[in-house]
1. Given segment 136-191 reduced to its alpha-carbon atoms as identical point scatterers, what log10 I(q)/I(0) does the Debye formula return at q = 0.13, 0.24, 0.31 Å⁻¹?
2. Modelling each spin label as a point 7 Å along the Cα-to-Cβ direction, I'd like the residue 49/residue 74 distance in nm, to one decimal.
3. Using the Kirkwood radius over C-alpha pairs as Rh, can you work out the diffusion coefficient of segment 49-193 via Stokes-Einstein at 37 °C, viscosity 0.692 mPa s, in µm² per second?
4. Before anything else, pin down the relative contact order of segment 49-193: Cα pairs under 8 Å, at least 6 apart, normalised by residue count, whole percent.
């Protein structure tokens, strides 16, 4: 009898434990992958171009000569799927320089539709014969969060934009954008015209 009672008690306990309703796992909140960014390290851009600056050691350089004495220069970040795209122009006269500066302003205004804010900064180093402007463009869907141009005010003009290879979602890319803005500011601070 004790054996029957023990077996019955064991069956009841097993039934109680096994009859628990299964709980579904809770959904995880929406998130993005963590992006590991390398330390900032720089080396000099060594080319035949009429300017020089320090670029990230984590980037690759591509130079594409164009017609009319202009050159495209790409500083690609393959691990981050983005690049600084540069265009260099030789300036013919004061009027063509003015047109290039107005064109840059129009290109930034094109982003106003998506931008929440645009912060302008002046670049001026008279001892190095460098003048220009930076545009930090803020907004979730902004295609180019950093643009700038540099000139010697007489013969040379360089423009640059930061582009991502994909649809912009700057909320998730903000750590990368901040990282690359630091690289962009380093490019500007180390920029020199070759004599």
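FYI, it's all coordinate maths here, none of it is from the lab. Since this is a predicted model, take the numbers as computed values, not measurements. For neighbour counting, all protein chains shown are included, and Cβ atoms are generated from backbone atoms with ideal geometry for every residue, glycine included.
1. -0.37, -0.94, -1.32
2. 1.3 nm
3. Working: Rh = 15.6 Å.
Translational diffusion coefficient: 210 µm²/s.
4. On the way: 261 pairs, mean separation 37.3, N = 145.
It comes to 26 percent, rounded to a whole number.
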